[in-house]
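Asks: Pasting in a structure now, in structure tokens, and then I'll have a few things to ask.
The values are calculated or read from the model by the stated rules, or taken from the named source; none is laboratory data. Because the structure is a prediction, the values reported are computed rather than measured. Here the Cβ is made from the backbone with ideal geometry for all residues, glycine too, and neighbour counts use every protein chain on show.
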Amino acid sequence: MKIFTKRILIGLTILQAACYGFTASEISVTSEKQHAAKPNILFIFADDLRADALGYAGNTIIQTPNIDQLAASGTHFKNCYVMGGHHGAICAPSRAMLMSGKSLFHVYDKLDGVHTMPQHFAENGYETFGTGKWHNGAETFEASFQKGKTIMLGGMSDHFKVPVCDLDANRKLGKPVVKGFSTDIFTESALSYLDEYAKGSRKNPFFCYVAYTAPHDPRSPREDYIGKYPEKDIPLPGNYKPVHPFDFGDAQVRDENLAPWPRTPEIIKATLSDYYGLISHLDARIGDLIQSLKEKGLYENTIIVFAADNGLAVGSHGLLGKQSLYEHSMKVPLILTGPGIPKNSATDALVYLFDIFPTLTTVACLPEPERIDGKNLSDVISGKSAQVRESSFTAYRHLVRAVRDQEWKLIRYPNRDYTQLFNLKKDPLELENLAGKPAYRKQEERLKKRLIRWQQQTGDTVAYTAKTILPMQYKPEQFERTMDQQQPVYTQKKYWDKR
């Protein structure tokens, strides 16, 4: 049996061997030839990209041929979520969860002393490289990556003037210098790394992490992408509203300042035009990364992961940002493609971004990371299982909690003593609130119990109903807007000076 096992494993990729049911110990006895076949990892991470703003996801306006091709050549997840955030900058806790494999209430932004995904790969024979946005502290980047170039520490910047630094030979980040355009400088750094790797010994597989800041605002595409999507041709979101129908406690969070109240159809179409331009530029540069892998003979043995840190409202429900628990803000794209990954496959499984860590360790047949909350998705990818969990739970600050299963979703606002209940199969845009209606009382009560159970399991201590109930009524038309210093001239003139 051992001889048989060894012969088969030599001819298989790591993921294929795992799918055949062989153990890590059996895989470890294979030859150097099989070791060389360990897959590389190219991890592409977008910023503020809602799941339905891509062609493969059904968006008929935007053009994303390269990301669409990734979906066609691999497996994509229709129901991938970020669990939420402790504060308005959702991307920081999102990236902390991604890198640690831990859920929202078990990790915080800076990752001090936390064992990260790139660390785990480096400890198990991988060469690790990172470029782009790192929102979890300089010291944790230095601890996580062996190589790094053009790293932006923080949440956002002017896309044309990005403060970035490099990791030196001592694995210390240097002083930041300003470069631009964000999507281009991060792509060029990744391309430079792939070129360096290809010309080297290729002794160890690589883990290359490319974290873009697009399409996060400022809504300022590179000049040649401005107007690519004429505003007149862009439909409003199906759940567009001029204002959110009630105040749930964060009506003036930073993201909501990016357009005046009420949100007019004109301002939302203008915003979507720029948003889509940023995404198409991102897609084009992702195409350059894929082409580089092919030209260097690396593509066939590289697992490519494409995902984003959180979604975005961009006019849905009268909101602009990600600081809510509606589907448009919590759902994110997730695609895996490469050796052993089924092609042109899609799954409805309820998954989180922090499931990626344990899944990739299985893909690479590395030891399982310890003390994490993420679930291994390999059985879902291979088709052995339809689900890894029956429901998913999301949270935003102390203000909102939500739970969903394959059909129903409940959103709870403790400080307002208010509940929303949606049938996602019949009402995916979350427009008809069924809470409080006698015909749906059992569903509401069932999901309430499930939400409370999730809170107990995750360590969330927010009460289902707060002691002090605050009013839901508000007057957003009276809000004053403030412009952050990251906005370039283009967005100042378009979104502040004239409106």
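Asks: How do the pairs read when you match residues in segment 278-304 that are in the same structural domain as D224 (by TED's automatic domain parsing) with residues anywhere that are at pLDDT below 95 and surrounded by 20 or more Cβ atoms within 10 Å (Cβ to Cβ), using Cβ under 6 Å and keeping only pairs 6 or more apart or on different chains?
Replies: Listed pairs, sorted by first residue: I303/V363.
Asks: Among the numbered criteria (1) of a type outside the set (S, T, N, Q); (2) in contact with a strand residue (DSSP E or B) (Cβ under 9 Å, 6 or more places away or on another chain); (3) not assigned by TED's automatic domain parsing to the domain that holds I356, which one does L377 miss?
Replies: Result: L377 passes all but (3).
Residue-by-condition table, conditions (1) among the aliphatic types (A, V, I, L, M); (2) closer than 30 Å to F357 by Cβ:
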position: D247; (1), (2): no, no
position: P260; (1), (2): no, no
position: S273; (1), (2): no, no
position: H281; (1), (2): no, yes
position: R285; (1), (2): no, yes
position: L334; (1), (2): yes, yes
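Asks: Turning to a different aspect of this structure: For segment 247-267, how many residues meet the condition of being surrounded by fewer than 15 Cβ atoms within 10 Å (Cβ to Cβ), in contact (Cβ under 8 Å) with a residue 24 or more places away in the chain and in a loop (DSSP other than H, G, I, E, B)?
Replies: The number of residues fulfilling the criteria is 1.
Asks: Give the residues of segment 413-464 that are among the polar types (S, T, N, Q) and surrounded by 14 or more Cβ atoms within 10 Å (Cβ to Cβ), sorted by residue number.
Replies: Within segment 413-464, N415, T419, Q420, N423, N433, Q443, Q455, T458 meet the criteria.
Asks: Same structure, new question: Filter segment 108-126 down to the residues that are buried (at least 21 other Cβ atoms within 10 Å of the Cβ) and in contact with a strand residue (DSSP E or B) (Cβ under 7 Å, 6 or more places away or on another chain), then identify the one that is farthest from P39 (Cα to Cα).
Replies: It comes out as P118.
Asks: Identify all residues within segment 229-251 that are within 25 Å of the chain's Cα centre (by Cα) and within 18 Å of I279 (Cα to Cα); write none if there are none.
Replies: Result: Y229, I234, P235, L236, P237.
Asks: Let me ask something else. Mind listing just one residue for me: the one in segment 356-383 that is touching a residue at least 40 places away in the same chain (Cβ under 8 Å), farther than 18 Å from Q119 by Cα and over 20 Å from the mean Cα position of the chain (by Cα) and, of those, surrounded by the fewest Cβ atoms within 10 Å (Cβ to Cβ)?
Replies: Step by step, filter segment 356-383, then rank; the result is G383.
Asks: Any residue in segment 115-134 that is at pLDDT below 95 and not aromatic (F, W, Y)?
Replies: No: zero hits.
Asks: Does A46 qualify as being among the aliphatic types (A, V, I, L, M), within 22 Å of A307 (Cβ to Cβ), crowded, with 19+ Cβ neighbours inside 10 Å and modelled with pLDDT under 95?
Replies: No.
Asks: Just to be sure I understand, how many residues within segment 418-450 are closer than 25 Å to Y240 by Cα and of a type in the set (D, E, K, R)?
Replies: Looking only at that region, the number is 6.
Asks: Filter segment 182-197 down to the residues that are free of Cβ contacts under 8 Å to residues at least 60 places away in the same chain and more than 18 Å from M156 (Cβ to Cβ), then identify the one that is surrounded by the most Cβ atoms within 10 Å (Cβ to Cβ).
Replies: S189
Asks: Sticking with this one: Do we have W496 as under 30 Å from V107 (Cα atoms) and aromatic (F, W, Y) here?
Replies: Against the criterion (under 30 Å from V107 (Cα atoms) and aromatic (F, W, Y)), W496 does not qualify.
Asks: Next question. State yes or no: is D417 in contact with a strand residue (DSSP E or B) (Cβ under 9 Å, 6 or more places away or on another chain), in contact (Cβ under 8 Å) with a residue 12 or more places away in the chain and of a type outside the set (A, V, I, L, M)?
Replies: no
Asks: Would you confirm whether or not segment 318-326 contains a residue that is on the phi > 0 side of the Ramachandran plot and either among the basic types (K, R) or in the same structural domain as G74 (by TED's automatic domain parsing) (or both)?
Replies: Yes, that holds for at least one residue.
Asks: Quick check on segment 139-179: of everything there that is over 23 Å from M117 (Cβ atoms) and in contact with a Phe, Trp or Tyr (Cβ under 7 Å, 6 or more places away or on another chain), which residue is surrounded by the fewest Cβ atoms within 10 Å (Cβ to Cβ)?
Replies: Among them, the one singled out is F160.
Asks: So if I check each of G85, G137, which one is within 18 Å of the chain's Cα centre (by Cα) and in the same structural domain as E370 (by TED's automatic domain parsing)?
Replies: One residue alone meets the criteria, G85.
Residues are listed down the side, and each one gets a yes or a no for (1) among the β-branched types (V, I, T); (2) in contact (Cβ under 8 Å) with a residue 40 or more places away in the chain:
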| residue | (1), (2) |
| --- | --- |
| T75 | yes, yes |
| N79 | no, yes |
| A89 | no, yes |
| H120 | no, yes |
| F129 | no, yes |
| A138 | no, no |
| G148 | no, no |
| V164 | yes, no |
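Asks: Look at R219 and say whether it is at pLDDT 95 or above, assigned to a loop (DSSP other than H, G, I, E, B), closer than 26 Å to K38 by Cβ and not hydrophobic (A, V, I, L, M, F, W, C).
Replies: no
For (1) over 24 Å from V314 (Cβ atoms); (2) assigned to a strand (DSSP E or B); (3) within 27 Å of the chain's Cα centre (by Cα), each residue gets a yes or a no:
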| residue | (1), (2), (3) |
| --- | --- |
| V403 | yes, yes, yes |
| I411 | no, yes, yes |
| P428 | no, no, yes |
| L431 | no, no, yes |
| L434 | yes, no, no |
| Q443 | yes, no, no |
